[in-house]
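Notes for the one structure printed next.
The values are calculated or read from the model by the stated rules, or taken from the named source; none is laboratory data. Keep in mind it's a predicted model, so treat the numbers as computed, not measured. Backbone-built Cβ (ideal geometry, glycine too); neighbour counts: all protein chains shown.
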Amino acid sequence: MRLTRTAIAAAVLALAGCASAPVLQAPPVEITGEQVTEYWTPVHDTIMRPMGQSRLRSGEVRPHADKVTVTYLIDSNGRVHDARVVSAEPANAYAGWAVDAISAFSYQPAPDNPGRVPVKPTQTLTLLPGPPPTP
């Protein structure tokens, strides 16, 4: 019985690791955000997700960053991995909204990318003024 539990636990851990690992059929090409559509096409046009908030230790809500530069990987299956903030303005504002937005995308290969070349774009996102859209 102990061997069975160990085998099941190992299989679950192995499958969990496979699901989150990027698939790379070639080394990723570093590109700008404007070049993404040369390699990959977004599957969805827009994403409307509720924006998270970040609270300071004092309980105050931290304002959202107006402009956030992120880098991320689009793997050979069109999935986004390793999204992270490079910079944000203002620097101490909440920039997690940009990582959430980028991470929600999935892509299909562009016509000129039949080999599914993975890319690593760096892109700047700007938060539009006004209240967030309602779904």
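Summary of values
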item: Residue within the stretch 49-59 that is more than 20 Å from residue 124 (Cα to Cα), outside any loop (DSSP other than H, G, I, E, B) and at pLDDT below 90 present; result: yes
item: From 14, 19, 104, 83, residue being surrounded by 13 or more Cβ atoms within 10 Å (Cβ to Cβ), at pLDDT below 90 and more than 17 Å from residue 117 (Cα to Cα); result: 104
item: Single match in 77, 113 (criterion: touching a Phe, Trp or Tyr at 6+ places or on another chain (Cβ under 6 Å) and not β-branched (Val, Ile, Thr)); result: 113
item: Positions within the stretch 107-135 being surrounded by 13 or more Cβ atoms within 10 Å (Cβ to Cβ), outside any strand (DSSP E or B) and modelled with pLDDT of 90 or more, in sequence order; result: 110, 113, 116, 117, 118
